[in-house]
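> One structure, as C-alpha cells, below. Some questions next.
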C-alpha cells in the first residue's frame, strides 16, 4: 500500500515568481513531508510525493500547503490564489503528469481534461478541494452527464440543505504577552509559531526563512490594528547575514508602514555566543529602517554582553532551556550574575519561556526586566491590548 502522486503548482491569472514558489514549496515539503514519506522535485513547480503508509494522498494536508503558500506568495492578501494540482496513478503516469505544460494544467482546472495520462486529479486551493477529469474523454463524459441531468432530475419537494462551510486552515502564528516586572504591567507582545508548541523548530536555514517570512505576512494586518505596546517579531541570525535571505526580508518589510517603526522590535534568535561585531552591525543596519529595537535571543545564560557596544543592541533575552525547574532556575541565576554589566551598558535583560510561578518569582526577585512564556499568558490569537492584568492569575490576559 503506497500512495504516489505528482504535485503541480498552477500559475493562473494571479502570477507568482516561479523561483520563489519552487523554493517555498520545497521548504514546506521538507518541513512537513517527513520521513518515512518521500518527495522530490522532478521538474519546475512539480514534485513527486510518496507515502507507503497510505493508499491515497490526503487532500486536506495539501490544502493546508496551498493556504500557507498563498500567504507567503501573496502577502498583501489582495486576492492572489495558489492552486495545487495533484495526480495519483502508477509511477509512469505520475512522471508523465509532471511534464504537462501550464496551459494543459489550466485546461484540467477548467474541467477540460488533457492529452496526458488517466488518473485521479484534484484541483486544490485554500477554499476548495475539487476532483476534475484527467483526460479529454473523461471530460466529454462529464459534460454529457451534466447536460442530461436536468431533463432526468425529478422536481425537488424540499430544498437541499446547504453544505457546511469548510473550516479555514489554522493560523500558523500567535502571540506571547510581554510583561514588565519593574512596572508590573504588560508592555507588548512577541510573535510566535504555533508549530513550536508541538515540536522543536527546524534547524535548516531555508526552513527557518520560510517561517520568518510567514510570520511577517501573518503579523502585518494585526500590527496595523494593534494599538498597544511594543511588538516584537522573531528573525533568524544566520538568514539575516545571508545576501539572498536579506533580499527576501527587505521585500517583505518594504510593505510595512513607516508609522509602525517606533513600536516594532525584532528578536534575533539563533544568536551565537561569539557573534561578531561586524555581523551584528550588519543586522542592525538592515533592520533599522523597519524596527526601532534590536533584541538578541540567546541560549547561553553567560552570553558575553561585555564585548558589545551599548548602542548596538537594546536588550538580550535568555530563552530558558528544556529540563526540570531546578535546572532552569540555575540557568536564570547564571544569567543574573552579569546583571551589573547589562545595567552599565543600558541593555535590558529578558527571559523567555517562563512556565512556572517559581521561575517567574526568580526573575522578579533577581531584577529581570521583561518576561514571556506560559506563566505570563497563554498563546494568544492577537497581541495584548492593554497594560492591565497579571501573570499566573485567573485574570491573566483578560484584556487580550
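The values are calculated or read from the model by the stated rules, or taken from the named source; none is laboratory data. Please read these numbers as outputs of a predicted model, since none were measured by experiment. Using ideal geometry, Cβ is built from the backbone for each residue, glycine included, and neighbour counts are taken over all protein chains shown.
> Quick one: in the stretch 347-363, of everything that is modelled with pLDDT of 95 or more and in a loop (DSSP other than H, G, I, E, B), which residue is nearest to the chain's Cα centre (by Cα)?
So the residue we want is 353.
> Taking the criterion of being at pLDDT 90 or above, within 20 Å of residue 267 (Cβ to Cβ) and in a helix (DSSP H, G or I), would at least one residue in the stretch 364-373 satisfy it? Quick ask: steps written out before the conclusion?
Narrowing the stretch 364-373 to residues at pLDDT 90 or above: 364-373.
From what's left, within 20 Å of residue 267 (Cβ to Cβ): 368-373.
Those still in the list that are in a helix (DSSP H, G or I) too: none.
Checked the stretch 364-373: no residue is at pLDDT 90 or above, within 20 Å of residue 267 (Cβ to Cβ) and in a helix (DSSP H, G or I).
> Which condition breaks for residue 25 when tested against (1) over 24 Å from residue 222 (Cβ atoms); (2) in contact (Cβ under 8 Å) with a residue 12 or more places away in the chain; (3) out of contact with any helix residue (DSSP H, G or I) (no Cβ under 7 Å at 6 or more places or on another chain)?
So residue 25 meets the others, but not (3).
> Is it true that some residue in the stretch 307-325 is within 30 Å of residue 247 (Cβ to Cβ) and assigned to a helix (DSSP H, G or I)?
yes
> Follow-up question, since we're still on this one. For residues in the stretch 43-67 being more than 16 Å from residue 125 (Cβ to Cβ) and touching a helix residue (DSSP H, G or I) at 6+ places or on another chain (Cβ under 7 Å), which is modelled with the lowest pLDDT?
Of everything passing the filter in the stretch 43-67, 44 is modelled with the lowest pLDDT.
> Looking at residue 23 and the list (1) out of contact with any strand residue (DSSP E or B) (no Cβ under 6 Å at 6 or more places or on another chain); (2) assigned to a loop (DSSP other than H, G, I, E, B), which single condition is not satisfied?
Of everything listed in (1) out of contact with any strand residue (DSSP E or B) (no Cβ under 6 Å at 6 or more places or on another chain); (2) assigned to a loop (DSSP other than H, G, I, E, B), residue 23 misses just condition (2).
> If I filter the stretch 4-11 for residues that are within 27 Å of residue 213 (Cβ to Cβ) and at pLDDT below 85, do I get at least one hit?
yes
> Another one. I'm trying to understand the selection: among the residues of the stretch 124-150, which are in contact (Cβ under 8 Å) with a residue 60 or more places away in the chain and in contact with a strand residue (DSSP E or B) (Cβ under 7 Å, 6 or more places away or on another chain)? Walk me through how you get there before you give the answer.
Let us first name the residues in the stretch 124-150 that are in contact (Cβ under 8 Å) with a residue 60 or more places away in the chain, namely 124-126, 129.
Listed by number, the residues that qualify are 124, 125, 129.
> Next question. What's the number of the only condition in (1) crowded, with 20+ Cβ neighbours inside 10 Å; (2) in the same structural domain as residue 187 (by TED's automatic domain parsing) that residue 348 fails to meet?
All conditions are met except number (1).
> From the list 116, 111, pick out the single residue that is farther than 30 Å from residue 212 by Cα, in a loop (DSSP other than H, G, I, E, B) and modelled with pLDDT of 90 or more. Reasoning before the result, please.
Numbers: 116 fails: modelled with pLDDT of 90 or more.
Going through 116, 111 in turn, just one is farther than 30 Å from residue 212 by Cα, in a loop (DSSP other than H, G, I, E, B) and modelled with pLDDT of 90 or more: 111.
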